[in-house]
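See structure below.
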Protein chains: 2
Amino acid sequence: MTAGRPREFNTDEALDHALKVFWAKGYEGASLPDLTEAMGINRPSLYAAFGNKEELFRKALDRYTEEAKKKRDEILSEPKVRVALEKMLYGIADGSACPKSPRGCLLVQGALSCGDAAQSVKMELAQRRAQGEAAIRRRLEKALAEGDLPSSASAADLARFITCVIQGMAVQSASGASAEDLRAVAAWALKAIPAK
Amino acid sequence: MTAGRPREFNTDEALDHALKVFWAKGYEGASLPDLTEAMGINRPSLYAAFGNKEELFRKALDRYTEEAKKKRDEILSEPKVRVALEKMLYGIADGSACPKSPRGCLLVQGALSCGDAAQSVKMELAQRRAQGEAAIRRRLEKALAEGDLPSSASAADLARFITCVIQGMAVQSASGASAEDLRAVAAWALKAIPAK
DNA sequence: GTTGTTTTGTACCTATAAGTACAGTATGCC
DNA sequence: GGCATACTGTACTTATAGGTACAAAACAAC
């Protein structure tokens with residue numbers, strides 16, 4: 001164990017609480033009092049452990065995307081691309097109803113638009129959204145190579161469409177859509193995707 | 001003409017400039033200095049003419065939705081529902097490239113998530129998004145009644161799907177997607193919609 | 001127990017947010 | 001011209017934002 005007075009809170013738990021605040025209120029909408037209260041610590045502890053608000057956000061974001069990536073990669077490893085996409089869209093629809101997490105997607109509502117001070121956060125989120133799209137695209141390219149998707153399809157375009165639907169579902173979830181509502185959306189989106 | 005010193009700026013023009021700031025930075029991200037500078041007026045003039053920041057936002061929002069509604073109603077009056085939806089989605093794709101307006105959609109990025117002080121604005125935006133969805137749903141119900149859509153389709157679900165795609169396109173546009181990118185998304189979405 | 005180290009809590013700092021008081025100025029009306 | 005009225009510009013107020021100084025407290029090592 002390290003010398004000095006021991007930390008009285010668990011860093012990961014505190015980060016999870018911060019994540020939920022950012023998720024619900026966005027980067028700019030989450031105030032320091034909001035964060036410290038949710039984390040159960042006071043301001044200097046937050047700064048000592050996480051740097052500052054932006055670093056805290058990035059660490060919470062890392063946690064969020066790590067989790068999302070894990071689920072995504074597991075789903076995309078499904079051998080049939082059609083099944084993978086079904087699992088992905090229905091999974092998002094069902095997951096959005098989880099009462100333990102805020103509605104919507106942090107990558108979308110964290111800072112879709114913002115003031116000048118948060119531009120770098122906005123860019124970071126756009127990059128991470130692009131990474132999600134790229135992962136889907138790579139999976140579709142694999143499907144094309146395997147003949148699991150008609151060769152007429154463009155992996156890039158289809159990946160963008162799927163990402164678009166996912167992001168639209170995030171907006172609707174944040175607006176209060178139910179899991180059923182979103183499952184119906186997923187079902188319609190899947191009609192566009194070649195069954196082959 | 002009314003008595004007293006005449007206003008030195010045009011209210012509608014100033015409102016348009018304010019609209020663009022809100023559109024680009026969101027309700028919370030737009031600061032008073034951002035607004036007054038873009039509008040070319042000073043603070044007391046803003047308060048005298050528009051009330052306060054929130055009222056200014058609502059008036060800008062009215063202007064925005066009025067315009068959007070006009071275009072939407074025109075497009076939805078298209079006799080064939082399939083043609084209407086094509087025009088709507090491709091129109092949004094093309095319109096998002098307009099260099100005179102900020103990227104994305106004010107209804108989505110105005111305040112998707114925000115601090116406590118802006119909750120009422122967030123709710124207002126959600127309501128207006130719901131109005132857009134309702135307009136599409138009514139048009140689809142009409143199509144169903146006319147046999148212009150397979151009777152197996154649910155107007156509510158399909159309207160939600162189309163709204164989802166539109167909102168997803170708004171997110172992608174805000175992230176820098178090109179008109180071509182978005183046209184490809186629109187094309188994929190239209191594949192889901194029965195040709196009948 | 002003393003020392004060195006790290007965390008905690010109170011109380012602060014500076015910057016900026018939204019909003020306004022008030023004097024000055026440009027008009028219409030008589 | 002003189003008066004009422006409404007807008008403009010400067011300079012302010014209050015509240016809150018993010019961030020920090022510093023003393024008290026809790027530990028490890030010796």
Fill in the blank from the handout: Across the stretch A:1-33, the tally of residues that are away from DNA strand D (no atom under 14 Å from the Cβ) and over 22 Å from A:Gly115 (Cβ atoms) stands at 9
Handout entry: Residue satisfying all of: in the stretch A:34-49; more than 8 Å from DNA strand C (Cβ to nearest atom) and in a helix (DSSP H, G or I); nearest to B:Cys114 (Cα to Cα) among these
Key = A:Asp34
Problem - Residues (of a type in the set (D, E, K, R), within 14 Å of DNA strand D (Cβ to nearest atom) and touching a residue at least 12 places away in the same chain (Cβ under 8 Å)) located in the stretch A:49-72 - result: A:Lys53, A:Glu54, A:Arg58, A:Lys59
Problem - Matching residues, the stretch A:144-179, being outside any helix (DSSP H, G or I) and within 21 Å of A:Leu107 (Cα to Cα) - result: A:Ser175, A:Gly176, A:Ala177, A:Ser178
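Please verify whether the stretch A:31-48 includes one or more residues that are among the aromatic types (Phe, Trp, Tyr), more than 14 Å from chain B (Cβ to nearest Cβ) and within 28 Å of B:Lys25 (Cβ to Cβ).
So the first thing to find is which residues in the stretch A:31-48 are among the aromatic types (Phe, Trp, Tyr), and the list is A:47.
Imposing the further condition that a residue be more than 14 Å from chain B (Cβ to nearest Cβ) reduces the set to A:47.
So of that shortlist, the ones also within 28 Å of B:Lys25 (Cβ to Cβ) come out as A:47.
For the stretch A:31-48, residues among the aromatic types (Phe, Trp, Tyr), more than 14 Å from chain B (Cβ to nearest Cβ) and within 28 Å of B:Lys25 (Cβ to Cβ): present.
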Practice task
Please tell me if B:Leu182 is farther than 24 Å from B:Asn52 by Cα, in a helix (DSSP H, G or I), at the interface with another protein chain (Cβ under 9 Å from one of its Cβ atoms) and touching a residue at least 12 places away in the same chain (Cβ under 8 Å).
Solution key: yes
Problem - Only listed residue being within 30 Å of B:Leu32 (Cβ to Cβ), among the aliphatic types (A, V, I, L, M) and part of a helix (DSSP H, G or I), chosen from A:Leu140, A:Leu125 - result: A:Leu125
Handout entry: Odd one out for A:Val83 among (1) among the aliphatic types (A, V, I, L, M); (2) crowded, with 16+ Cβ neighbours inside 10 Å; (3) modelled with pLDDT of 95 or more
Key = (2)
Handout entry: One residue from B:Gly110, B:Gly147, B:Gly132 being within 9 Å of chain A (Cβ to nearest Cβ) and of a type in the set (Gly, Ala, Ser)
Key = B:Gly110
Exercise for the section: Identify all residues within the stretch A:12-33 that are in contact with a Lys or Arg (Cβ under 9 Å, 6 or more places away or on another chain) and within 10 Å of DNA strand C (Cβ to nearest atom); write none if there are none. Expected result: A:Leu32
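The values are calculated or read from the model by the stated rules, or taken from the named source; none is laboratory data. Since the model is a prediction, treat every value here as computed from it, not as a measurement. Cβ atoms come from the backbone with ideal geometry, glycine included; neighbour counts cover every protein chain shown.
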